[in-house]
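Please read the structure below before turning to the comments.
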Amino acid sequence: MSITIDGVFSGFDTTALIEAILTGSRQRIILREGQVSDNQITSDRLSEMSGLLSSLSSRIETLQGTSGGIESQAFTTSFAEGFGFTAEAGDGAVLGTYDIDIASLATAQIESSNETYAERSTTGVMGQGTIAIDIGGTVTDVTIDSTNDSLTGFADAINAVSGVSAYVLDTGDATNPYQLIVQAERTGASNAFTIDTSGLSGGSVPTFSNVQAGADAALTVNGIAVTSDSNTIQAVPGLTINATQAGLGNSVVTVGFDSAAFKQQVEDLLSDYNEIITFYDANTAFDTDANTQGPLNGESVARNIVDRIGTLISGNYTSVLGSFSLLAQIGVQTQQDGTLLLDSPTFDAAVENNFDDVVEVLTSADGPLSALKAQIDDVYINSDGLLDSRRDTLQDEIVRLQEDIEREEERIESRTDTLRAQFTRLEESLAELQSSGNSLSALLSTAPSGGAGI
């Protein structure tokens with residue numbers, strides 16, 4: 001165990017002297033620790049900015065979506081329940097009222113084998129050869145051989161044909177409980193099928209009876225007869241009728257326009273955009289009193305992103321069809337601080353007079369929002385984007401600084417040990433000198449007086 005002698009003989013504050021000597025090195029560590037902290041804060045702020053950009057991209061995707069997008073939000077549907085259908089208006093809907101009466105539902109054809117079986121997995125039961133399945137005039141041949149001539153194998157082979165499905169039904173009969181069922185995968189008369197088993201021989205060759213015919217849905221819309229091969233009926237542009245039960249009488253569907261919901265989607269998008277601008281401004285502000293600046297001050301990547309999205313959102317997109325090529329023409333105004341504001345009178349008038357053109361400038365693949373989303377997704381927030389690349393650079397710098405700190409701390413520790421050893425040797429030397437001096441003084445004090453030499 002080493003013993004530290006701290007100024008016992010010299011009177012020096014050895015520890016203070018060592019700290020003073022190493023002040024420069026410790027200041028370098030403090031400086032690098034500050035740089036690590038600043039870089040990490042900047043990296044975190046860039047991550048937050050990436051998240052805000054991602055949210056804006058998602059908002060654009062939602063607004064432009066064909067399901068639940070801005071056009072869907074523009075319409076309302078009202079109808080009385082209990083008449084065997086529901087209704088929903090969406091893209092391209094026509095305002096008005098529609099008297100709906102469901103006469104019959106669309107059904108899928110179902111066939112059952114006339115034969116029943118005691119076993120379902122035993123091979124050698126079914127005849128071998130070829131089954132011909134005709135679906136809407138398209139014939140598919142199915143081969144039955146020794147690998148699939150059980151009842152379940154037979155069903156699996158039919159299942160492989162697109163447009164029909166088959167399974168083995170357990171009827172619960174004590175002797176022959178198993179029966180083969182084949183059904184169309186889709187409703188409607190056009191999806192009806194026939195099964196020709198005449199190409200089988202050598203075992204059971206099933207024949208089939210119709211359980212349910214494939215039929216189209218039948219209904220009237222404002223007294224006009226309509227048929228559909230599906231119970232999801234889109235006879236009226238933009239209006240989807242989902243038929244669930246027939247014969248319950250007629251009910252009127254009213255398609256209206258929800259201007260408030262339409263405008264809210266646009267305002268929500270502007271709010272997401274403004275959040276990015278506000279975030280950037282807050283993180284680049286300079287506090288003159290404290291003489292401090294935000295962590296994104298001087299970050300060229302962040303600055304370029306803000307400038308670029310401002311250019312894209314306010315640009316003139318002449319390739320957009322319709323009467324609007326600028327968002328400003330529908331009331332989207334750029335404020336002095338870079339945020340966006342929706343001028344309600346301009347927007348409301350544009351929607352009332354040119355609704356389709358408003359939708360076009362907001363949703364067109366050649367429009368400002370699509371260009372903005374593409375820039376965000378392809379350039380800013382993807383795994384190789386500008387923000388990730390800049391964060392990677394900052395993290396690399398953080399690692400380098402931390403390595404410098406570790407090396408500097410090792411140098412300080414080594415230098416401290418060296419200085420401590422030097423001061424200790426100094427104290428030991430002073431102790432030896434003092435001891436020698438004391439011995440000499442003692443010797444002189446005992447020497448005889450009177451001039452006799454030693």
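Descriptive notes on the structure:
- The slack between Phe355 and Ile181, meaning 0.36 nm per residue of separation minus the straight C-alpha distance, is 57.5 nm.
- Between region 192-238 and region 353-402, the alpha-carbon center distance in angstrom: 49 Å
- On the basis of the beta-carbon distance and an R0 of 30 Å, Tyr167 and Thr220 show a calculated FRET efficiency of 0.25.
- With distances taken between every two different alpha-carbon atoms, region 182-261 has a Kirkwood hydrodynamic radius of 16.3 Å.
- For Asp404 and Ala282, a Förster radius of 25 Å and the Cβ-Cβ distance give a FRET efficiency of 0.20, rounded to the nearest 0.05.
- A crude spin-label estimate for the pair Val139 and Ala192, with each label 7 Å from Cα along the Cβ direction, gives 1.8 nm.
- A value for volume of the Cα convex hull per residue in Å³ was derived from the coordinates, and within the list [x] 321; [y] 349; [z] 140 it appears as [y].
- Difference of contour (0.36 nm per residue) and Cα-Cα distance, Ala213 to Thr15: 61.3 nm
- Separation of alpha-carbon centers, region 151-168 and region 86-103, rounded to whole Å: 38 Å
- For region 58-160, GluC sites (Glu not before Pro) are listed when DSSP marks them as loop and at most 10 other Cβ atoms sit within 10 Å of their Cβ; the list is Glu81.
- Rg(Cα)/(2.2 N^0.38 Å) for region 216-308, N = residue count: 2.22
- Inter-probe distance in nm under a simple model that places probes 7 Å from Cα toward Cβ, at Ser344 and Gln234: 3.5 nm
- Percent of C-alpha pairs per 5 Å bin, region 52-133, short to long: 3, 9, 11, 11, 9, 8, 7, 6, 7, 9, 10, 8, 2, 0
- Each residue, Ser47 and Thr227, gets one label point 7 Å from its Cα in the Cβ direction; the gap between the two is 6.2 nm.
None of the figures in this text is laboratory data; all of them are computed from the coordinates on show. Everything numeric in this text was worked out from a predicted model, so none of it was measured. Heads up, the Cβs are rebuilt from the backbone with ideal geometry, glycines too, and the neighbour counts pull from every protein chain shown.
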